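To keep things clear, I will list the structure first and then write my remarks on it.
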Amino acid sequence: MTNYDAIVGVDRGAVRAVTILTGAGVSTDSGIPDFRGPQGIWTRNPAAEKLSTYQNYVSDPELRRRSWQNRLAHPAWTAQPNAAHLALARLATLGADTWVITQNIDGLHQRAGTPPERVLELHGTMHRVVCVSCGDTTAMADALDRVRAGEYDPACAGCGGILKSATVMFGQALDPNVFRRAVAAAQACDLFLAVGSTLTVEPAASLCGLAVDRGARLVIVNRDPTPYDALADATIREPIGEAIPVLVNELLARSPAADPT
């Protein structure tokens with residue numbers, strides 16, 4: 001059994017700033033499959049990864065049609081925040097100075113109660129669509145209504161350009177402003193938690209090293225080994241939905257807000 005008390009430190013108030021990097025594994029308990037796990041979307045169907053490649057998407061109308069049908073059926077539309085999302089939201093609202101940097105596009109951290117201004121979505125959001133020509137953004141729900149009404153590949157209402165979800169696909173760069181803020185959060189924390197990420201996608205995974213270089217403790221919560229395990233002060237292999245609530249309770253007990261003095 002993991003000694004969570006030892007991970008967060010024995011001195012009250014020892015952890016004053018926490019930055020959390022979350023990957024697909026944090027949302028699997030909500031019914032959203034991960035990508036590279038044993039039952040991951042790309043593990044079971046390697047060809048599905050092409051749907052997430054920008055150049056393929058913009059050049060292949062048939063692929064876009066399949067993408068829109070997949071969006072209609074995405075489990076995130078009915079998913080609910082799970083115990084890990086809720087625990088991290090408690091930490092963000094009651095505990096130490098907290099930032100959540102997420103590789104996920106499902107918006108479940110915000111729905112769980114983490115203040116939106118404290119969530120940095122490295123890979124964008126599936127709740128908006130963007131035109132690749134004019135850059136106009138609109139609600140995903142409106143675009144999906146058009147698909148349900150019979151438009152197989154809805155075009156931008158303003159310029160007629162190709163619409164895609166407001167997510168970062170393979171072949172696209174991260175939003176530099178979002179990544180800059182993520183770097184700042186990683187470098188300013190006392191404790192960096194990497195939760196449910198394989199830590200194989202860069203530059204997101206490099207945030208672990210940036211935090212360690214600035215003196216933060218690194219704790220990795222993931223079912224499988226990661227390339228950054230050797231840098232970690234602790235690795236937790238227990239289920240995320242069980243481990244994160246316990247870890248958050250320990251952190252809250254030692255946060256400055258919990259100190260009556």
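Structure notes:
- Condition met for Ala188 (farther than 26 Å from Glu117 by Cα and more than 18 Å from the chain's Cα centre (by Cα)): no
- Of the listed requirements (1) assigned to a helix (DSSP H, G or I); (2) in contact with a helix residue (DSSP H, G or I) (Cβ under 6 Å, 6 or more places away or on another chain), Ala253 misses just one: (2).
- Of everything in segment 108-164 that is within 21 Å of the chain's Cα centre (by Cα) and among the basic types (Lys, Arg), the residue that is nearest to Ala182 (Cα to Cα) is Arg118.
- In segment 222-245, residue surrounded by the most Cβ atoms within 10 Å (Cβ to Cβ) [restricted to those that are at pLDDT 95 or above and among the hydrophobic types (A, V, I, L, M, F, W, C)]: Ile244
- Of all residues in segment 219-236, none satisfies being closer than 30 Å to Val132 by Cβ and in a loop (DSSP other than H, G, I, E, B).
- Meets criteria (closer than 17 Å to Tyr54 by Cα, in contact with a helix residue (DSSP H, G or I) (Cβ under 8 Å, 6 or more places away or on another chain) and not charged (D, E, K, R)) for Phe170: yes
- Residue count for segment 71-88, restricted to those that are under 22 Å from Ala139 (Cα atoms) and buried (at least 24 other Cβ atoms within 10 Å of the Cβ): 0.
A quick yes/no check of all residues on (1) β-branched (Val, Ile, Thr); (2) under 17 Å from Met169 (Cα atoms):
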position	(1), (2)
Trp68	no, yes
Pro75	no, no
Thr93	yes, no
Asp97	no, no
Thr102	yes, yes
Asp106	no, yes
Arg111	no, no
Thr114	yes, no
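- Listed here are the helices (runs of 4 or more DSSP H) enclosed by segment 89-204 that have at least 1 residues being charged (D, E, K, R), touching a residue at least 40 places away in the same chain (Cβ under 8 Å) and surrounded by 14 or more Cβ atoms within 10 Å (Cβ to Cβ): 176-188.
- The residue that is modelled with the lowest pLDDT, among those in segment 169-221 that are closer than 16 Å to Thr102 by Cα and of a type in the set (D, E, K, R), is Glu202.
The values are calculated or read from the model by the stated rules, or taken from the named source; none is laboratory data. Values in this document were obtained by computation on a predicted structure and should not be read as measured data. All Cβ positions, glycine included, derive from the backbone under ideal geometry; neighbour counts span all protein chains shown.
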